[in-house]
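Quick one: this structure, given as structure tokens, is what I'll be asking you about.
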Amino acid sequence: MALWGNTDLVYSDGTVSVNLETATVDGVVGATTFTSAVSEGDVITVGTGATYGYAVVIGVTSTTLSIASTEGFVSGLTTVPSGTSYLVSQEPIYVVRGDSHYVAPEAKSDYFSGVFGVDEIEVSVASTTAYAVTHGGWVGVTTYVDMHGELRVKSETFVASGILTTSDAGDDAIFPDA
């Protein structure tokens, strides 16, 4: 298994429920089939903006994923309700737990954090926006509204990668392609 892949959106069809006691993710019956797209080592992000958490996939069947650990989920949860949105990516496994030093202590509201595959075209397009990044690759982005009501955006390149460069990636939801 590689430390990282080259796709920030492998799969997100349908919805899921998660049983954190059994460390399994179940696709909603009839809508979510994982075997053709998801692989061991991929990362699943559960909830919009990871509201429930992250995990590394260690097993795949037609409608169920086994996850390595529940440590990346919100503390105290035992289940995530059916019908929850998700996405599967090939982001670097070592950023799944997050970096507490990366979270701004002054963040008061509207907090979001995620890791995205950003190619050279997207770096150029984002350069004139609040989401400007300095390098393509796997980039961690945290946004928040500070105590003065100002939007703040922090970014950090985790993996400066040539894999995500020279062609426009059609799988990016946060960084626009044009």
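Values in this text are rule-based calculations from the coordinates and carry no lab data. Just so you know, these numbers come straight off a predicted model, no measurement behind them. A quick note on method: Cβ atoms are made from the backbone with ideal geometry, for glycine too, and the neighbour counts reach across all protein chains shown.
Of the residues in the range 72-88, how many are touching an Asp or Glu at 6+ places or on another chain (Cβ under 9 Å) and over 19 Å from V115 (Cα atoms)? Quick ask: steps written out before the conclusion?
Residues of the range 72-88 that are touching an Asp or Glu at 6+ places or on another chain (Cβ under 9 Å), as a first pass: 78-79, 82, 87-88.
Right, trim to over 19 Å from V115 (Cα atoms) and you get 78-79, 82.
The number of residues fulfilling the criteria is 3.
Which count do you get for residues in the range 18-54 that are touching an Asp or Glu at 6+ places or on another chain (Cβ under 8 Å) and crowded, with 18+ Cβ neighbours inside 10 Å?
The qualifying residues number 3.
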